[in-house]
Amino acid sequence: MEFLGIVLLAFILICALAVCLTRNLMVSIIILMSQSLAMSVIWILLESPDLAITEAAVGAGVTSLLFFVTLKKIHAIGGEKQDGEAEE
């Protein structure tokens with residue numbers, strides 16, 4: 001049980017560093033989503049299921065969905081071509 005806690009803590013720290021170092025918005029959102037899921041597992045290990053459900057629903061679910069919708073609306077992902085790309 002303690003080994004799993006140490007592994008999850010290391011994973012959360014690695015995720016935090018990866019988000020700081022990456023320049024791709026989509027990758028940052030995916031990393032933050034996985035960090036939130038790991039945090040919900042930690043809340044389960046600490047025997048606090050109400051916080052775990054909230055973290056999984058809000059942290060990984062709703063927040064990530066809002067980020068994806070925002071990126072789609074500002075055309076940062078998919079849809080339109082960037083300047084300088086050749087049209088086919």
Can you give me the angle between helix 63-73 and the longest principal axis of the chain, using Cα atoms only, in degrees from 0 to 90, rounded to the nearest 10?
0 degrees
Could you state the angle between the C-alpha long axis of helix 25-45 and the longest principal axis of the C-alpha atoms of the chain, as a value from 0 to 90 degrees rounded to the nearest 10?
10 degrees
Given Cβ point charges of +1 (Lys, Arg) and -1 (Asp, Glu) and nothing else, what value in debye, to the nearest 20, does the dipole of the chain about its Cα centre take?
120 debye
Cα pair distances exceeding 18 angstrom across the range 2-73, given as percent:
43 percent
Between 0 and 90 degrees, rounded to the nearest ten: what's the tilt of helix 2-21 against the longest Cα principal axis of the chain?
20 degrees
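Every number here is computed from the coordinates shown, using simple stated rules; none is lab data. Remember, it's a predicted structure, so these values are computed and weren't measured experimentally. Cβ: placed from backbone, ideal geometry, glycine included. Neighbour counts: every protein chain shown.
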